[in-house]
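Enquirer: Dumping the structure here so I can ask a few things about it.
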Amino acid sequence: MTTENYTTLKVKNDTSKSVEVYVTFAAENSKNLCCPSPVSVSAFDFLTVVNNLRGKFTLAAGESQTFDPKGQCFSGNIGFYIEPQCPVAGADFHHGKQGTNIAEFTLNPQSPCYEAFDISCVNGVNCFMEMSVDKSDGWFYGPNNTPIDRIYNKALQENAGNPGLYPVNCTDCIRLVGSAPCSCLPVGPAQSERICNVQRPGRGGELVVTLLSPQPE
């Protein structure tokens, strides 16, 4: 079990080529009792500012970059190759042919709120990624509080039954609520039970988001 009093995040590139990494930050919101004043894009000087809620950086092959929020709530998402969006006409796989998937997280929220993370394929899939934590740090998912230390996405319609994953166009994990975010993509298959989030009441340690290799070109 880790002894640090807050959680950090690391992004790793496990491919043979450099990649553009996009980091989207949650906005300040006084009504959000868990994370009213999250860390912002300006807190990390290695980011190039895209807008007031998004930054980007280039990560070389085999390299990693650590985000240390200094104990502040850190909530947002990580995407690779392009900014998060629905399918891009004429694009290849990595640049949005089937939309984009993102790694979502909330770390160091105010107590008693839980930390949480997931991979969202709601807007499609443009890469294969995993999110991993230490086995002893108390993370779990689903109605039975099943322990877990790694999640990863599969192809566009292959994530049903895969813990920690929101399937394509399944905004509520087990179903689509409202209009499909990406109307040109299929819906699901959805999860049969609420297994889309990994969470814990604790703090400390490191959440690692890894771009995996090999990948389809």
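Enquirer: Just round it to a whole percent: the fraction of Cα-Cα distances in the range 114-160 exceeding 18 Å. Intermediate values should be presented prior to the final figure.
Expert: Details: 375 of 1081 pairs.
Result: 35 percent of Cα pairs exceed 18 Å.
Enquirer: Mind checking the log10 I(q)/I(0) for the range 156-217 at q = 0.12, 0.13, 0.26, 0.29 Å⁻¹? Debye, one equal scatterer per Cα, no solvent, two decimals.
Expert: After summing over all Cα pairs, the log10 values are -0.40, -0.46, -1.04, -1.13.
Enquirer: Quick one: plug the Kirkwood hydrodynamic radius of the range 82-152 (C-alpha pairs) into Stokes-Einstein at 10 °C, 1.306 mPa s, and report D in µm²/s.
Expert: Taking Rh from Cα pairs, D becomes 115 µm²/s.
Enquirer: Among 151-160, 171-180, 51-60, 10-19, how do they line up from the highest to the lowest mean number of other beta-carbon atoms within 10 Å?
Expert: My ranking of the peptides, most packed first, is 151-160, 10-19, 51-60, 171-180.
Enquirer: Rg and Dmax of the chain, using alpha carbons, in Å: what are they?
Expert: 16.4, 49
Enquirer: Pull the list of the chain cysteines that no other Cys approaches to under 4.7 Å, Cβ to Cβ.
Expert: When partners are defined as cysteine Cβ atoms under 4.7 Å apart, the chain leaves 121, 127, 170, 184 without one.
Enquirer: Counting other Cβ atoms within 10 Å of each Cβ, which GluC sites (Glu not before Pro) in the range 20-102 have at most 12 and sit in a DSSP loop?
Expert: 28
Enquirer: Rounded to the nearest 0.05, what FRET efficiency do residue 187 and residue 97 have when you use their Cβ-Cβ distance and R0 = 25 Å? Walk me through the intermediate numbers first.
Expert: Details: r = 18 Å, r/R0 = 0.73.
Calculated value: 0.85.
Enquirer: If you don't mind, another one. In terms of the Cα gyration tensor, with a ≥ b ≥ c the square roots of its eigenvalues, is the range 1-77 rounded because a/c is under 1.5, prolate because a/b exceeds b/c, or oblate? Spell out each step's value before the answer.
Expert: Working: a/c = 2.66, a/b = 1.39, b/c = 1.92.
Note, shape of the range 1-77 comes out oblate.
Enquirer: What does the convex hull of the Cα atoms come to per residue for the range 113-217, in Å³?
Expert: 101 Å³
No lab work stands behind these numbers, since they all come straight from the coordinates. This structure is a prediction, so every number in the text was calculated from the model and none was measured. Neighbour counts run over all protein chains shown; Cβ positions are idealised from the backbone, glycine included.
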